[in-house]
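First the structure, in the form of structure tokens, and then the observations on it.
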Amino acid sequence: MGGRDLSAVDGHYMLETTAALCRIPSPTGYTREAVVFVEEQLAGFGLSVRRTVKGALVASFGSAASEGGHRTLSAHVDTLGAMVKEIKPNGRLRLTQIGGYDWATIEGEYCTVHTHPRGGEPGTVSGTILTTKSSTHIHGNALRDLKRDEQSLEVRLDARVGSADDVRRLGVAVGDFVSLDPRTVVTPDGFVKSRHLDDKACVAILLGVAKAVTEAGIEPAVPAHLYVSTYEEVGHGSSAALPPETTELIAVDMAAVGEGQTSDEFATTVCVKDSSGPYDHGLSRRLVELAERNSIDCRVDIYNYYASDVSQALRAGYDVRGALVGPGVDASHSYERLHQRSLEETARLLLAYLTSDPEA
């Protein structure tokens with residue numbers, strides 16, 4: 001086995017890569033541009049990358065002759081978003097959600113409609129998500145009391161439109177994808193605040209692990225794979241096409257920071273149970289012990305309203321041991337925030353895991 005330099009992780013690279021990924025629109029089902037970005041990053045580290053039929057990415061490293069089952073780290077590049085459900089007679093758009101979020105968390109957000117007119121070139125039309133009673137000067141308490149849902153929120157397009165036909169002439173149609181403005185900001189003291197840190201921060205961590213492994217000459221104890229899924233937010237990201245030799249699967253996904261949780265924006269977290277049930281006890285304990293032995297700031301937590309790529313793989317029938325690891329993210333599925341330190345601690349734990357002996 002080669003070196004095990006856990007300090008080889010490049011926190012600045014992971015932070016900047018997180019921000020770059022967040023700025024690429026990729027609601028579930030519309031992930032091609034983000035997948036190409038990740039693919040190019042992995043290829044730049046000298047890794048061979050393949051795409052699955054569903055558009056996920058698989059990259060591998062480590063000697064195929066090594067003993068022991070293979071290990072796979074999975075993160076997802078797809079995000080929350082929406083699609084055009086209806087073009088209203090007044091030229092506004094009604095949306096249908098992609099992923100699970102509260103409608104209230106997107107009120108007032110800028111958005112982009114990705115158009116694909118028949119016989120025309122793909123394009124974009126910008127807009128803002130507002131309530132149907134958006135002016136307090138007109139609606140008063142009716143605005144304050146309005147329930148935020150699919151019926152009460154709509155998109156106001158940044159175009160001179162007053163009818164459904166006006167909107168259609170822009171190339172907008174039912175079924176067009178709608179991405180949310182991430183409003184990504186990297187602060188001087190190492191925070192990144194943005195939509196879609198779930199799970200683009202963790203894709204950046206996988207890239208950081210790949211960078212450390214290839215540039216520092218780190219040799220995994222057994223063959224290892226990176227799996228970047230594209231349908232996690234709708235429930236089937238890793239339900240197919242995992243590397244068949246995988247016996248241990250770790251979902252790298254955000255740790256939810258908030259009241260009643262142990263997770264922290266400056267640490268990594270091992271989640272031992274979520275809405276899908278408990279994760280593999282032995283693998284979870286091994287990760288916690290690796291963190292303790294390597295002075296990695298690691299928390300143990302449980303998320304009641306959460307599922308992961310591991311949840312989806314197990315439901316699909318994969319016979320694997322599964323665990324969940326991730327950086328602390330505040331305000332999950334809203335306007336999120338994390339710190340560079342949590343990226344580094346998570347990457348260090350994953351490197352410690354990849355280089356640990358199978359029986360450890």
inquiry  = Can you tell me which residue is surrounded by the fewest Cβ atoms within 10 Å (Cβ to Cβ) among those in segment 159-192 that are of a type in the set (S, T, N, Q) and more than 17 Å from HIS116 (Cβ to Cβ)?
reply    = THR187
Single condition SER295 does not satisfy, out of (1) in contact (Cβ under 8 Å) with a residue 24 or more places away in the chain; (2) closer than 24 Å to ALA204 by Cα; (3) out of contact with any helix residue (DSSP H, G or I) (no Cβ under 7 Å at 6 or more places or on another chain) = (1)
task = Please state which of the following conditions HIS114 fails to meet, knowing it meets all the rest: (1) in contact (Cβ under 8 Å) with a residue 12 or more places away in the chain; (2) at positive phi; (3) not charged (D, E, K, R).
result = (2)
note = If we ask which residues in segment 303-345 are of a type in the set (Asp, Glu) and part of a loop (DSSP other than H, G, I, E, B), their number turns out to be 1
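Please tell me if SER238 is over 23 Å from GLY81 (Cα atoms) and of a type in the set (S, T, N, Q). Can you show your working first?
Values: over 23 Å from GLY81 (Cα atoms): no; of a type in the set (S, T, N, Q): yes.
No: the conditions fail for SER238.
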ask   = In segment 41-82, how many are in a loop (DSSP other than H, G, I, E, B) and on the phi < 0 side of the Ramachandran plot?
value = 16
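Regarding segment 161-174, can at least one residue be identified that is free of Cβ contacts under 8 Å to residues at least 40 places away in the same chain, outside the structural domain of THR268 (by TED's automatic domain parsing) and among the charged types (D, E, K, R)? Before the answer, list the steps.
Within segment 161-174, the subset free of Cβ contacts under 8 Å to residues at least 40 places away in the same chain is 165, 169.
Now drop any that are not outside the structural domain of THR268 (by TED's automatic domain parsing), which leaves 165, 169.
Imposing the further condition that a residue be among the charged types (D, E, K, R) reduces the set to 165, 169.
The answer is yes; a qualifying residue exists.
Is it true that SER239 is on the phi < 0 side of the Ramachandran plot and buried (at least 23 other Cβ atoms within 10 Å of the Cβ)?
Working: on the phi < 0 side of the Ramachandran plot: yes; buried (at least 23 other Cβ atoms within 10 Å of the Cβ): no.
No; evaluated as a whole, the condition is false for this residue.
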ask   = Only one of (1) free of Cβ contacts under 8 Å to residues at least 60 places away in the same chain; (2) in contact with a strand residue (DSSP E or B) (Cβ under 7 Å, 6 or more places away or on another chain) is not met by ARG32, so which one is it?
value = (2)
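Conditions (1) at pLDDT below 95; (2) outside any loop (DSSP other than H, G, I, E, B); (3) within 17 Å of the chain's Cα centre (by Cα), marked per residue:
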site	(1), (2), (3)
VAL84	no, yes, no
ARG94	no, yes, no
GLN97	no, yes, yes
GLY108	no, no, no
HIS114	no, yes, no
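Does SER179 satisfy the condition of being modelled with pLDDT of 95 or more, out of contact with any Lys or Arg (no Cβ under 9 Å at 6 or more places or on another chain) and among the hydroxyl-bearing types (Ser, Thr, Tyr)? Talk me through it step by step, then tell me what you get.
On the way: modelled with pLDDT of 95 or more: yes; out of contact with any Lys or Arg (no Cβ under 9 Å at 6 or more places or on another chain): yes; among the hydroxyl-bearing types (Ser, Thr, Tyr): yes.
Against the criterion (modelled with pLDDT of 95 or more, out of contact with any Lys or Arg (no Cβ under 9 Å at 6 or more places or on another chain) and among the hydroxyl-bearing types (Ser, Thr, Tyr)), SER179 qualifies.
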query = Mind checking which residues of segment 111-146 are farther than 17 Å from LEU170 by Cβ and either surrounded by fewer than 10 Cβ atoms within 10 Å (Cβ to Cβ) or hydroxyl-bearing (Ser, Thr, Tyr) (or both)?
reply = THR131, THR132, SER134, SER135, THR136, HIS137, ILE138, ASN141, ARG144, ASP145
Meets criteria (touching a helix residue (DSSP H, G or I) at 6+ places or on another chain (Cβ under 9 Å), surrounded by 15 or more Cβ atoms within 10 Å (Cβ to Cβ), of a type outside the set (A, V, I, L, M, F, W, C) and under 22 Å from GLU215 (Cβ atoms)) for GLN41 = yes
ask   = Is it true that some residue in segment 130-153 is under 31 Å from the mean Cα position of the chain (by Cα), under 16 Å from MET83 (Cβ atoms) and of a type in the set (Val, Ile, Thr)?
value = no
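Could you tell me how many of the residues in segment 241-263 are within 18 Å of the chain's Cα centre (by Cα) and charged (D, E, K, R)? Show your work before the answer.
Going through segment 241-263, the residues within 18 Å of the chain's Cα centre (by Cα) turn out to be 242, 249-257, 263.
Within this subset, residues satisfying the condition of being charged (D, E, K, R) are 253.
Going through segment 241-263 one residue at a time, the tally reaches 1.
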request  = Could you name every one of the helices (runs of 4 or more DSSP H) located completely within segment 137-218 that has at least 2 residues being farther than 30 Å from ASP10 by Cα?
outcome  = 141-144, 164-169
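ARG71 - would you say it is farther than 25 Å from VAL329 by Cβ, in contact with a strand residue (DSSP E or B) (Cβ under 6 Å, 6 or more places away or on another chain) and touching a residue at least 12 places away in the same chain (Cβ under 8 Å)? Show your work before the answer.
Numbers: farther than 25 Å from VAL329 by Cβ: no; in contact with a strand residue (DSSP E or B) (Cβ under 6 Å, 6 or more places away or on another chain): yes; touching a residue at least 12 places away in the same chain (Cβ under 8 Å): yes.
Considered against the rule, which asks whether it is farther than 25 Å from VAL329 by Cβ, in contact with a strand residue (DSSP E or B) (Cβ under 6 Å, 6 or more places away or on another chain) and touching a residue at least 12 places away in the same chain (Cβ under 8 Å), ARG71 comes out as no.
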ask   = How many residues, within segment 327-353, are under 15 Å from LEU290 (Cα atoms) and either in contact with a Ser or Thr (Cβ under 6 Å, 6 or more places away or on another chain) or surrounded by fewer than 23 Cβ atoms within 10 Å (Cβ to Cβ) (or both)?
value = 4
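The values are calculated or read from the model by the stated rules, or taken from the named source; none is laboratory data. Given the structure is predicted, the values throughout are model-derived calculations rather than measurements. Backbone-built Cβ (ideal geometry, glycine too); neighbour counts: all protein chains shown.
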